[in-house]
Each structure stands twice: as structure tokens, then as C-alpha cells.
Amino acid sequence: MKKFLVSAALLALTVIGAFAQQRPAAPIKPSDYTFTTVKENPITPIKNQFRSGTCWCFSTLSFLESEVIKAKGIKDAALYPDLSEMFVVRKAYADRAQKYVRLNGNLNYAAGSDFGDVLDVIGQYGIIDQKAYSGLQYGYDLPVQGELDAVLKGYVEAVVKNPNRKLTSVWPKGLEGILDAYMGEIPETFTVNGASYTTESYRDALGINPNDYIGFTSFTHHPFYTEFAIEVEDNWRWTPSWNVPLDEFMQIIDYAVNNGYTVAWGGDVSEPGFTRNGLAILIDTEAKATSGSDQERWVGKADEKPAEKAAVKEISVNQENRQLWFDEKTSTDDHGMHLYGIAKDQNGVKYYLIKNSWGETGEYKGIWYMSEEFCKGKALNIMVNKKAVPKEILKKIGLK
């Protein structure tokens, strides 16, 4: 989650199970759809955040890996970068603890965060290769962070209570000790493809510059063409996003993908149409069939397009209902993912190709097909390379 935003990010497998238990099954399945790829940009292999609320990090690093691939023109998948999520998570835990204490505990201290958190960490501390730092010192092959999260929260809460009435200078060292025990010490140098790096020099060698990236959102409770920090608790760094009208928000996504860039996506995935098998469709549960049959309510009349499989009716998203969902908190910062392509279904409806971080699960082995309406309605914010933004929009926000 979570996200520029993203984010309290969903706990991958736990959330999948929760979806099945807490919401009605969606009347859609992959066999109802035939997708044709229109545009697809390179991505690195699917990863698994497993039992951790770190989708914000997995999605953003996946996005940055694609940025490196594009910038360096890497054609051989064996040479794709593989960046360490847990390095970023570890640094974010420590930075967040400092802010939590300074604010006397009036800040959400949890695993979820946003895209801007990743950029801040990389800007301050650099980045490291996954093989050089897995961050899984506690004995699992995949992230299982419930105990670590609880221990860290208990520690910072104890510090905030300030039992001595004067904080010592060593409490941050105690926090680092916990992180060392659970995640392992960060090496001073490491080797990638035969070259030795520090975290800072590796960032620079990859060409990752946090200033190259920009976040966007689309809401009416702030003026358009101004920046504001989206008001969700996981945006603890108060990262700002540029506010643009919804049509321009979607234009940015399409322009980026069609020009060879990808998009870090943060938003709400609690809708019934976000399925466990790789579909994200904004189902109109109030749709009325003209004949009154239940079948036609969901899939339309059988004789409308006899040669095609009919799709469910979706909600038509506009600026007003998008704002309403945010205000009433039926849209929030559930999850962060990586948008990298465009497809169409058998009826010509546009979808986005989405890389998730729940492992190779679902019909499409870790990839989701997200309808354009779902994206319009449920994306809280996105992050893109500044070069991936139409010039006329950059001009409207005062950038070149």
C-alpha cells in the first residue's frame, strides 16, 4: 500500500483469503475473457511479499527496475536488476521510528507506506542488490514480518512513554539492534556482475535519481494543478502528489505506457471485481437487466453479441463518484502494484496489464488485467517518470 500511495499495503496471501471470506464472489472468471496485448513494456520477474505489508516497496522497486531496463537499453533478461525490497523496508522502519517519537506517537507506525518512501530511502541511503541483502535473517525464505512489526511497535511505544522524562541518545541504536537481529546487518560493499559497490555508488551506477519521478492524483477537495499530500495514514512521509482532472490523470497513464514507460499504481482493491484469479473489473452491482433475468443482469442478453463472450456491466466513473468513494472511505489505499501495459478484451474494452507482488498466483501467474474503469475509479495515485508526462500537463503544473 501502499503507495505514493499506496498504502497499508495488503498482506498478500492473508488478504487473498480475507477477500474470499468477507465479500461476495464476483460473477466473473478468466474463461469469460480473451485478452489481446496492445502494448507491453519490460518488467522483471514476479516476486512475493508473502506475509508482509510491503506492497508499496515491491511495486515501486519493480517500477524502478523497469526504469533501469529502459534507460540502459537492457535486452538480456539475465542482466535485469534485482533490487532488495527489505533494504528499503529496513531503512523506512528506522526513519519512521524517528518521526513517530518526535510526534509523540501521533503517527501510524506499521508496515504500510507509499511510493515516496522508496524514493526518499534511495535518495538518502542508496540501494542494494537482492543477492547481497535479502533482509530475511529470521529464518524464512519469504517475508514473514508479523513478529518484527509487533516488536518494533512495542519498542517505539516504550520510547514515546519517556519513563525517564528525558530521552537518551541511544534508543535509535536499540532499534538498529532489533533490525540487525531480524533482518541482518547491511554490508558496506557488495558485488554485482563482477563490480564492487556501496549502496550509494550502486544507486548512481543504475542511474536512479529520485528527482526524475513525479506523483499524480485526481480529487476535487483540493484545487487542480496544485500539490497535496493524500490524506491516508500510510502516507507518513506526507509525500505530495500533483492534482489533475481525471481525464488528464488517465492521459498520463496511457501516454507513459505508449511511450515505453511504466507506472507505479496505488489504490483500492477491496471491490468484489478485484478477484483472486487475475481480474480487476469495476462491477456495477446495481445494473438492471432489461428482461429481468439474473443471467442477463450480469452478462447481458445472449443475442447481443452471439459470437463473443459477454462481459459484466461496469460502473461508469467520473470525477464526482470517484470523489464520493474517497470521501465515504469506500476507496482507500489498500495496495500498490506495477502497471506496465495495455490490452483489450474480446469486446474491445481497454485493460491495463498489472504486475502484482503475491507470487505467481492466479490465472495469469501474478499478472492482473485491470479494466480502464477500475483504474479510473480506484487508483488513488500514480508515480511516473517526468519524461512520461505529456508536455501540456507539465506546463499546467509549472514544470518543463
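Of the residues contained in the range 157-169, none is found to be in a helix (DSSP H, G or I), within 28 Å of TYR80 (Cβ to Cβ), of a type in the set (A, V, I, L, M, F, W, C) and free of Cβ contacts under 8 Å to residues at least 24 places away in the same chain.
Quick check, is PHE224 part of a loop (DSSP other than H, G, I, E, B), in contact with a Pro (Cβ under 7 Å, 6 or more places away or on another chain) and without any contact (Cβ under 8 Å) to a residue 60 or more places away in the chain? Break it down stepwise before answering.
Values: part of a loop (DSSP other than H, G, I, E, B): yes; in contact with a Pro (Cβ under 7 Å, 6 or more places away or on another chain): yes; without any contact (Cβ under 8 Å) to a residue 60 or more places away in the chain: yes.
Judged against the criteria, PHE224 is a match.
Tell me yes or no: at least one residue of the range 264-274 is touching a Gly at 6+ places or on another chain (Cβ under 6 Å), under 24 Å from ALA71 (Cα atoms) and either at pLDDT below 95 or buried (at least 22 other Cβ atoms within 10 Å of the Cβ) (or both). Within the range 264-274, one or more residues are touching a Gly at 6+ places or on another chain (Cβ under 6 Å), under 24 Å from ALA71 (Cα atoms) and either at pLDDT below 95 or buried (at least 22 other Cβ atoms within 10 Å of the Cβ) (or both). One residue alone among ILE46, ILE74, ILE69 is surrounded by fewer than 24 Cβ atoms within 10 Å (Cβ to Cβ) and under 14 Å from the mean Cα position of the chain (by Cα), and that residue is ILE46. Evaluated against (1) under 16 Å from the mean Cα position of the chain (by Cα); (2) modelled with pLDDT of 95 or more; (3) β-branched (Val, Ile, Thr), VAL6 falls short on exactly one condition, (2). Taking (1) buried (at least 22 other Cβ atoms within 10 Å of the Cβ); (2) among the acidic types (Asp, Glu); (3) over 15 Å from the mean Cα position of the chain (by Cα) in turn, ASP254 satisfies each apart from (1).
For the range 108-149, enumerate the residues that are over 28 Å from ALA205 (Cα atoms), in contact with a helix residue (DSSP H, G or I) (Cβ under 6 Å, 6 or more places away or on another chain) and in a loop (DSSP other than H, G, I, E, B). Residues satisfying the conditions are TYR109, ALA111, TYR138.
When you look at LEU152, is it among the aliphatic types (A, V, I, L, M), more than 30 Å from LYS387 (Cα to Cα) and outside any loop (DSSP other than H, G, I, E, B), yes or no? The answer is yes for LEU152.
The values are calculated or read from the model by the stated rules, or taken from the named source; none is laboratory data. All figures in this text were calculated on a predicted structure; none of them were measured in a lab. Using ideal geometry, Cβ is built from the backbone for each residue, glycine included, and neighbour counts are taken over all protein chains shown.
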